[in-house]
Amino acid sequence: VNDEVCEKVGVTFSWAQANELAIYGFCAKRVTEQSGANQFSREVNGGNIYFYKHAELLDDPELRKLINESNTTFISSRNVSLSVQSSRNRILELSREHRSSIKLSIESMQRTMNIMKSEKYKDWIKVLNNIDQIWHLCELLHLEVFPADTVLPKLLEWTRMDRADLDELASEIVTSSLTKGADLRHPEYWEVVMGLLLIGRFDSTRALLKLHSEAETVPFFEADLLLRSIPIYTVCCGLSASEFNARWKGWKSSVRSKINSGAFASCPKLLKLMTLIGSDEPSFDLFKTYCSTWYQLMVSMLLFTDPIVKIHDLNYHANQCIEYFGGRSKLKLFDHTILALVDSNLNLAIKHLLYTADGGWCAVHLTNLLDLAGCLNNNTREEHIDFEQMLLDYGEMLMSHQSYWQVGLTYLEQCKVHGWEAMRILLLKLPLTSEEKALKIIAKAKEYNLNDVVNDICKVMAMARLRNGNLSGALTWTLMSNDAQYTNYIADKYLRSYAMGCSDSEIGCSQALMNLGQSVLISSRLTFLAKYCEFHTLYEEDKTKEAANLLIRLIDSKVAPKYFWFTLLLDALPL
């Protein structure tokens with residue numbers, strides 16, 4: 001901030017609105033309390049206040065696509081009938097539409113960076129990737145309906161999306177290794193094998209093990225047999241939880257028996273693999289070697305120690321894994337959000353999302369779907385999520401941009417308490433840069449039955465024309481406002497102007513007053529002006545008799561203001 005006061009005393013800031021900071025100079029002063037304790041207070045030191053707005057989200061062409069696409073999905077979501085049984089499936093479809101928009105934005109940004117050979121969107125790609133991961137996990141755990149003891153398959157599906165690089169590496173190894181010896185040709189061979197194993201890709205793991213240089217030996221044959229027979233619990237497996245548990249323990253016992261018999265002793269890396277899947281208690285140190293995050297560690301550990309874990313037990317396992325990655329002090333905002341979702345604390349997850357650098361985009365649209373699905377818990381004041389306030393903030397941010405004010409209205413109209421008042425205020429704050437812009441705003445205001453907004457905008461436009469000396473234009477806008485008092489004022493201005501020196505020229509308002517019908521009765525001055533314009537039209541068409549009769553009626557009615565009587569008498573002379 002290039003300011004003399006700020007340079008001398010320092011700066012601080014306050015939020016001015018959703019995406020705007022007010023920055024100003026301040027000085028910290030020491031205040032001694034009665035207790036003798038020293039406190040510091042901040043004191044504003046005059047000078048200017050600088051407003052800085054974060055507008056990148058709304059100005060960037062790639063991000064604008066995301067905003068427009070998500071708005072279409074949002075509008076569709078508000079038509080979901082909550083009473084219909086299939087509504088949950090529809091909500092899932094809408095969730096996937098949002099995620100598809102995110103992925104398309106990421107791909108488009110990557111293409112743009114490749115073409116421009118720059119890293120312009122590097123930070124945004126990271127933000128959107130994090131949002132996609134959070135959204136995907138929320139979708140799997142809370143928008144989809146599944147039995148409580150089948151949560152692990154959902155977690156595996158989620159982590160596999162995070163480890164897409166493993167599939168690419170595995171495909172590369174398989175493609176280039178049609179014969180044995182893949183471990184000799186690819187230094188990353190065992191890392192890929194272990195990675196695939198820990199995300200439950202057992203068939204891919206077996207396929208890679210068959211490409212090992214010693215694949216025909218007994219240890220690898222035994223490992224393949226055990227991996228082929230690993231029990232996998234699903235809703236369709238036909239086993240109860242207790243039956244599966246018995247089968248699982250039997251399989252684990254077989255693995256440990258083979259390890260203890262020395263079946264894998266000749267191949268240390270294969271032995272490590274079988275030890276990892278065969279131990280009863282989780283070997284965190286061994287698992288951590290192949291996991292880069294606490295949530296990858298949690299899912300991999302549960303895969304081989306508790307495959308029928310219940311969703312309400314995830315928090316316990318998550319905290320164990322977090323400790324192995326340095327504890328909660330090492331967690332970032334993304335981690336806290338994931339942890340809240342794992343703990344089924346959706347309200348806390350949303351509060352974390354509000355701090356994401358996307359202007360509230362993710363928080364608003366994800367909360368909308370969770371609200372429609374009935375997933376939010378607003379029973380206590382501490383956990384309450386004010387969805388209306390989120391919509392108000394997001395809608396206000398959109399309406400602060402000249403290209404998005406119409407989009408912003410679609411969010412504000414969903415606010416039952418303060419939405420309409422916010423629409424009134426924000427529509428009136430929009431700059432009236434042209435008649436076309438004013439007419440668009442008026443059309444939207446009429447669509448939402450905001451007649452007071454229509455009237456106020458018409459008055460502003462009329463006053464602007466009046467300041468420019470365009471009385472005809474001012475009268476046209478005044479007629480649109482349907483405001484009797486203001487119409488009277490403009491009509492009077494017109495008559496005074498004509499009376500003070502325009503009697504030798506056309507009055508010029510007949511075009512604006514044609515075909516108004518009973519609308520001219522809105523004010524006495526306008527009624528007189530309309531009839532006076534009619535008199536001029538008749539006179540110009542050489543209908544002298546009709547013009548004279550009309551002029552006599554105007555004089556006789558005494559509707560004309562006193563300052564206009566002389567003008568009427570002058571008009572009577574040629575007749």
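A few notes on this one:
- Condition met for Y498 (modelled with pLDDT under 80 and of a type outside the set (V, I, T)): yes
- Filtering region 448-489 to residues that are farther than 19 Å from E436 by Cα, modelled with pLDDT under 90 and in a loop (DSSP other than H, G, I, E, B) leaves G469, N482, D483.
- Conditions (1) assigned to a loop (DSSP other than H, G, I, E, B); (2) more than 30 Å from L155 (Cβ to Cβ); (3) within 12 Å of the chain's Cα centre (by Cα); number of the one not met by L391: (1)
- Residues that are within 11 Å of the chain's Cα centre (by Cα), free of Cβ contacts under 8 Å to residues at least 60 places away in the same chain and surrounded by 18 or more Cβ atoms within 10 Å (Cβ to Cβ) within region 350-363 comprise just one, A363.
- Out of G195, G181, one residue alone is surrounded by fewer than 17 Cβ atoms within 10 Å (Cβ to Cβ) and either of a type in the set (G, A, S) or at positive phi (or both). It is G181.
- Options N377, N347; residue that is assigned to a helix (DSSP H, G or I), outside the structural domain of L297 (by TED's automatic domain parsing), without any contact (Cβ under 8 Å) to a residue 60 or more places away in the chain and more than 11 Å from the chain's Cα centre (by Cα): N347
- Among the residues of region 121-153, the ones that are loosely packed, with under 13 Cβ neighbours inside 10 Å and more than 30 Å from S240 (Cβ to Cβ) come to 2 in all.
- Some residue of region 381-389 being within 28 Å of F334 (Cα to Cα) and in contact with a Gly (Cβ under 6 Å, 6 or more places away or on another chain): no
- Those residues of region 65-98 which are in contact (Cβ under 8 Å) with a residue 40 or more places away in the chain and surrounded by fewer than 16 Cβ atoms within 10 Å (Cβ to Cβ), in sequence order: K65, N68, I75, R78, L82, S87, R96
- The criterion of being in contact with an Asp or Glu (Cβ under 9 Å, 6 or more places away or on another chain), more than 18 Å from A340 (Cα to Cα), of a type in the set (F, W, Y) and assigned by TED's automatic domain parsing to the domain that holds W190 holds for Y290.
- Residue check for I115: touching a Cys at 6+ places or on another chain (Cβ under 6 Å) and aliphatic (A, V, I, L, M): no
- The set of residues in region 454-488 being surrounded by fewer than 20 Cβ atoms within 10 Å (Cβ to Cβ) and in contact (Cβ under 8 Å) with a residue 40 or more places away in the chain consists of S472, N482.
- Within region 278-302, the residues that satisfy the criterion of being at pLDDT 90 or above and among the aliphatic types (A, V, I, L, M) are L297, M298, V299, M301, L302.
- Test result for N368, in contact (Cβ under 8 Å) with a residue 12 or more places away in the chain, of a type outside the set (V, I, T), under 30 Å from Q485 (Cβ atoms) and surrounded by 15 or more Cβ atoms within 10 Å (Cβ to Cβ): no
- Hey, M423 of a type outside the set (S, T, Y), buried (at least 17 other Cβ atoms within 10 Å of the Cβ) and at pLDDT below 95 or not: no
- Within region 296-344, restricting attention to residues that are farther than 28 Å from I277 by Cβ and in contact (Cβ under 8 Å) with a residue 60 or more places away in the chain, the residue that is surrounded by the most Cβ atoms within 10 Å (Cβ to Cβ) is T337.
- The criterion of at least 3 residues that are touching a residue at least 60 places away in the same chain (Cβ under 8 Å) and of a type in the set (A, V, I, L, M, F, W, C) is met by the following helices (runs of 4 or more DSSP H) wholly inside region 136-218: 151-162, 189-198.
- Residue check, G326 farther than 17 Å from N130 by Cβ and assigned to a loop (DSSP other than H, G, I, E, B): yes
- Boolean, M298 is touching a Cys at 6+ places or on another chain (Cβ under 9 Å) and assigned to a helix (DSSP H, G or I): yes
The values are calculated or read from the model by the stated rules, or taken from the named source; none is laboratory data. Every value quoted in this text rests on a predicted model; they were computed, and no experiment measured them. Backbone-built Cβ (ideal geometry, glycine too); neighbour counts: all protein chains shown.
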